[in-house]
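Have a look at the structure below before the remarks.
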Amino acid sequence: MIAYRPRMAHRVRETTHSGWRVWRSDAGRWWATRERPFSIAAEEAGAYRTVDGDDLGELCRVIAEQESLADLAALP
């Protein structure tokens, strides 16, 4: 099992949007789950509440993509 590194998870929270819980799997992959569900419109637009990435940079990009999809879905 890979040890949890709070400082690294804190870095992810600082570089991404708030409201996401971040962790690292036993296999070393980074995961994040949004604390609040997206709207139905955001989900229909393709936003996922739980995402993963090979590294912190990829995870940050994926989280930003999900938030952007949600923002676009909220437009009139």
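Just a few scattered comments:
- Those residues of the range 47-69 which are in a helix (DSSP H, G or I) and either under 8 Å from the mean Cα position of the chain (by Cα) or free of Cβ contacts under 8 Å to residues at least 40 places away in the same chain (or both), in sequence order: GLY57, GLU58, LEU59, CYS60, ARG61, VAL62, ILE63, ALA64, GLU65, GLN66, SER68, LEU69
- Within the range 32-42, restricting attention to residues that are surrounded by fewer than 16 Cβ atoms within 10 Å (Cβ to Cβ) and in contact (Cβ under 8 Å) with a residue 12 or more places away in the chain, the residue that is farthest from the chain's Cα centre (by Cα) is ALA41.
Read-outs: derived from the displayed coordinates by stated rules, not from any lab. Just so it is clear, the model here is predicted, and its values are computed rather than measured. Neighbour counts are summed over all protein chains in view; Cβ atoms, including those assigned to glycine, are modelled from backbone coordinates with ideal geometry.
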